[in-house]
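Okay, so here's the structure we're looking at.
We did not get these values from a lab; they are worked out from the coordinates using the rules stated. Keep in mind that what you see is a predicted model, and the values were worked out from it rather than measured. Heads up, the Cβs are rebuilt from the backbone with ideal geometry, glycines too, and the neighbour counts pull from every protein chain shown.
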Amino acid sequence: MKKVLLMAPLFLLLGFMSCKKIQQLLTFEISTSQNIKVPASSAFIPTPVVLPVPVAVNASETFKNNNTSADLVKDVSLSKLSLTITDPQAENFDFLSKIKISIGTDQNDIVPLAYLDAVPKGVSSIELTSSGTKLDKYIKAPSYTLYTEATVNRSIAREITVRADSKFKVTADPL
């Protein structure tokens, strides 16, 4: 009887470790990259500007490469969203005071994705804070739209191209 009591914690530990290992095997990342064009504006308008960016999704190929399918995906969350100015290269985010990006599959289905309430000065790359929203249906959809809501703090002399790089953590069910 004492041997059984001593072995029980060992079996529980092994069971817990194997569950974590299986979970790791069923978790992978989807990386996407989009360009957002910030239009030039000679007049300074302190109200937020909303820029919709349509994104075509080919997640089914990524699901297939990770031995799963859309119907087995149980959890998708944003793990990273960074913005980098690509054109003009000398530009930085000094024109921006705060930014919020939302995601939607149609006009009635828009949820927050990530935000940054205080954009640092003098940098050409920033990382946004994830909203923690569950994103399963957006990544499974054939396309979605990113809605960038930016509050600028000065006029913009020429169009600025910003690359948005995002990573989504995807977990699938084994069955």
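Taking packing as the residue-averaged number of other Cβ atoms within 10 angstrom, the listed peptides 54-63, 133-142 run from highest to lowest as 133-142, 54-63. In a fully extended conformation the segment linking T84 and V55 would gain 8.7 nm over its present Cα-Cα distance, using 0.36 nm per residue. Can you return the aspartates and glutamates within cross-link range of K100? Criterion is Cα-Cα under 17 Å, with same-chain partners fewer than 8 residues away left out. In chain and number order, the partners are D109, D117, E127, E149, D165.
Approximating the spin labels as points 7 Å out from Cα along Cα→Cβ, the I110-to-S33 distance works out to 2.7 nm.
For K74, the aspartates and glutamates whose Cα comes closer than 13 Å to its Cα, not counting residues fewer than 8 places off in the same chain, are D136, D173. Per residue, the convex hull spanned by the Cα atoms of segment 28-172 amounts to 101 cubic angstrom.
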